[in-house]
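Notes follow once the structure below has been shown.
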Amino acid sequence: MILIVDDKPENLFSLKKVLEINDFEVDVASSGEEALKKILKKKYAIAILDVQMPGMDGFEVADIISGHSQSKDMSIIFLSAVNKEKSFIKKGYASGAVDYITKPVDPDILILKVKTFFRLYQQTQKLTETQQALREEIEVRKRAEKKKDEFMSIASHELKTPLTSMKAYLQLLERSIEDGTNEPHALYLERALMQSEKLNTLITDLLDVSKIESGKLKLHKTEFNFKNLLLSVADLISKMHPEINIITSGEMDIRVYGDEIRIEQVLINYFTNAIKYAPDSRDVRVNCSLTDDQYLKVQVTDQGIGIPRERQQNLFEKFYRVEESSVRFQGLGMGLFICSEIIKRHGGQVGVESEQGKGSTFYFSMPVTKEMQQELTE
Ligand code: ADP
């Protein structure tokens, strides 16, 4: 948009016409004061200022707006009827002007200058946009870098904890063998192995996250019976946590097409979370069903600490941990992210329903046929 400022209506009219014929959008002001109001309110690419106006003249307007952020990219063309002396022109430049044209205005020269300044304005705008985008990008990267540093520190701690315990049990074992004492070797060994298994799980999860990130998580899909898988997972969980009751309900005898090992990983994750985040409860419920449109739906319910409503939408994001419980429970926030990616790769969805202090139901649903999955994932 170009602003023409002149106290004479006939000048305004003819300049406006010339510019509009050349496809420029034009606004007009008939005094310095009016121009000032407009410039401070709206962004103009160019202001064409008549130098000699009663009241505030063109130079005064230019003086006032110079340095103002709203008009910092605006070019100014002064129109002067009488004075073409050097000092006069200098004054124009000192006020932040970029050029001048003498009256009577030669339309060709005016258009030539306006076109040049307009291009300049557009380039400056583009440059400003690029700068802004770059600044935002830098901010995003800085935040990502900070998050990565935080993650590295938590991850090292999480990895070191089982490693330290493992080392301690092995040292106990070594000492008791050396001393020939009657200590429970088998127990030390079992505990060391348990810790090594924790370490193994953490590292496998880290590798899975990195495979997901680089698009290299391979699935090996076959047809399998979901009941067999669920019962074997329930059996494994019962062995690891003999104090827990797993209560199954619904329809389980379902033929499912998918990566059995990865679906098993999702179930184990849901179960271990249901146990970990419900330290005062012994029951974990699992309900399965096959919907009319051939979706397997699995819900794992606990009576644990629950999740505040405002935290629920982020749960399946990478490295996300609920702040309120992150100190009390160890973890890296990778499990649910991996589950969500695995289920997505089967054309399905994950979700949660939870009430703080009452418990949570984590669920997933996925189509059971190869055809539907292919349609949804390709
Ligand atoms: P991690 O358990 O290692 O932190 P997850 O990705 O499995 O990682 O879980 C992410 C977060 O979701 C957890 O930190 C926890 O705050 C919350 N969460 C997961 N499962 C439950 C659950 N059953 N009850 C309450 N909170 C849960």
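Key figures
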read-out: Net charge, S365 excluded, C-beta distance under 11 Å - Lys, Arg +1, Asp, Glu -1; value: 0
read-out: For the chain, size of Cβ-based charge dipole, Lys and Arg +1, Asp and Glu -1, in debye; value: 840 debye
read-out: Listed residues F117, L229, H185: farthest to the positive end of the dipole of the chain (Cβ charges); value: F117
read-out: Segment 1-45, dipole about Cα centre (Lys/Arg Cβ +1, Asp/Glu Cβ -1), debye to the nearest 20; value: 220 debye
read-out: Where labels lie 7 Å past Cα in the beta-carbon direction, separation of E310 and E353 in nm; value: 2.4 nm
read-out: When each of K148/K211; K42/K126; K72/K148 is checked by Cα-Cα distance, pairs over 28 Å; value: K72/K148
read-out: log10 of Debye I(q)/I(0), alpha-carbon scatterers only, for segment 1-46 at 0.14, 0.26, 0.30 Å⁻¹; value: -0.30, -0.93, -1.10
read-out: Cα-projected label distance for K146 with L40, points at 7 Å along beta-carbon direction, nm; value: 3.7 nm
read-out: Computed magnitude of the charge dipole of segment 173-316 (debye, nearest 20; Cβ of K, R +1, Cβ of D, E -1); value: 400 debye
read-out: Net length gained if the chain between E136 and L376 were fully extended (0.36 nm per residue, minus Cα distance); value: 83.0 nm
read-out: Per-peptide average of other Cβ atoms within 10 Å, ordering 330-339, 202-211 highest first; value: 330-339, 202-211
read-out: Entries of K198/K370; K216/K239; K198/K318; K276/K370 with Cα pairs more than 30 Å apart; value: K198/K370; K216/K239; K276/K370
read-out: 27 Å tail of the calculated P(r), the chain, as % of Cα pairs; value: 66 percent
read-out: Using alpha-carbon coordinates, inclination of helix 9-21 to the longest axis of the chain, degrees; value: 50 degrees
read-out: The chain: angle of helix 107-179 to the longest principal axis, Cα-based, in degrees nearest 10; value: 20 degrees
read-out: Filtered trypsin sites (Lys or Arg not before Pro), segment 280-372: DSSP coil and at most 14 other beta carbons within 10 Å; value: R282, R328, K358
read-out: Residues R255 and A186, FRET efficiency given R0 of 35 Å [Cβ-Cβ distance, rounded to 0.05]; value: 0.25
read-out: Low-density loop positions, trypsin sites (Lys or Arg not before Pro), segment 1-60 - DSSP coil, at most 16 other Cβ in 10 Å; value: K42, K43
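Here, each number is a calculation from the coordinates, and none is a lab measurement. Keep in mind that what you see is a predicted model, and the values were worked out from it rather than measured. Quick reminder, even Gly has a Cβ in these numbers, built from the backbone with ideal geometry, and neighbours come from all protein chains shown.
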